[in-house]
Amino acid sequence: MTVSATAVLRSEWIKIWSVRSVAGPLVAVLVSALAIALVTFPNIGREQAATGELDPLFWLYYPLNFAQIAAIAFGATAASSEYLNGALRNSLAAVPRRGLFYGAKALVVGALALAVGVVSGFVMFFTADAFLGEYAIGIGEPGALRSCFGAGLYLALVALFSMGLAFLLRSAVAVLSLLVPFILIVSFVVVGFSEGVAAWLPDRAGQQILHQEHTGPLGPWTGIGVTALWAGAALLAGWWAVRRRDV
């Protein structure tokens, strides 16, 4: 019996929303974006903007530092849930074509992360702007609209990067232990040694799309392209694991 792609996509959709540990991090992307913006910008938003030390557009996306952790958790748990209680064996029994199974999961994870990420991007932008007074940036200013959609694209790629690694490592805990310190700590350490090398790391490169002014070697779209390459490499590694190793 041949299983249609539509049926597989529907089943992956149901899996995500029926498993609380998977759906929770997805919702947390939006919740953290709004909550951190409401905590941060009423207190120090205008003062920080007045200093001119940070890119005026990039500063609006400070909550992304927290939202991306939720995106990592979403991608990791979406994959690692397949390794609980023999779920992957059941999934492959229902969908013997492993490419269809893996592609459908990646498509659903990426699409959901993109949709929630774009909404989060607009939420961060307008929430921050509401407290910046004369330093607010209009949505029609250069790079503003691009950054809102770019935030969603970046978060989707982060989720897919995490998903691929989780299939490779078979553990959400391992992925979180690896990626969270990497994004929050390693990137800053690498900047201290070589800013040129740091620019090619997945987080630094992808976040270029949130900047209004670019001083590094990568522009907004080349930067997000570099992050897409990182995500693609992780997805290929995860696909290898599903195709060759997992039963």
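Tabulated data for the structure shown
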{"item": "Accessible surface, 1.4 Å probe, highest first, among residues L9, L235", "result": "L9, L235"}
{"item": "Relative contact order (%) - criterion: Cα under 8 Å, at least six apart; region: region 94-224", "result": "22 percent"}
{"item": "Quarter of the Cα convex hull surface for region 1-103, i.e. its orientation-mean projected area (nm²)", "result": "8.4 nm²"}
{"item": "For region 153-158, 3J(HN,Hα) per residue [Karplus equation, 6.51 cos²θ - 1.76 cosθ + 1.60, θ = phi - 60°, Hz, x = Gly/Pro]", "result": "5, 4, 5, 5, 5, 4"}
{"item": "Average accessible surface area per residue within region 122-247, 1.4 Å rolling probe, Å²", "result": "47 Å²"}
{"item": "Most fluctuating residue given options A115, A156, A67, as computed from a GNM of the chain linking Cα atoms under 10 Å", "result": "A115"}
{"item": "For region 111-141 versus region 198-212, the gap between their alpha-carbon centres in whole angstrom", "result": "18 Å"}
{"item": "Helix 20-40 vs. the chain, principal-axis angle (Cα, 0 to 90°, nearest 10)", "result": "0 degrees"}
{"item": "Region 1-105: GluC sites (Glu not before Pro) in DSSP loop, at most 16 other beta carbons within 10 Å", "result": "E53"}
{"item": "Computed Rg/Rh of the chain, alpha carbon atoms with Kirkwood Rh", "result": "1.01"}
{"item": "Cα-based helix-to-principal-axis angle, 220-240 vs the chain, degrees rounded to 10", "result": "20 degrees"}
{"item": "Under-5 Å amide H pairs with F131, H placed in peptide plane, nonlocal only", "result": "none"}
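The values are calculated or read from the model by the stated rules, or taken from the named source; none is laboratory data. Because the structure is predicted, anything quoted here is derived from the model rather than measured. Virtual Cβ from ideal backbone geometry, glycine too; neighbours counted across all protein chains shown. Note: areas computed on protein heavy atoms with side chains; ligands, DNA, RNA excluded. Shrake-Rupley method; radii C 1.70, N 1.55, O 1.52, S 1.80 Å.
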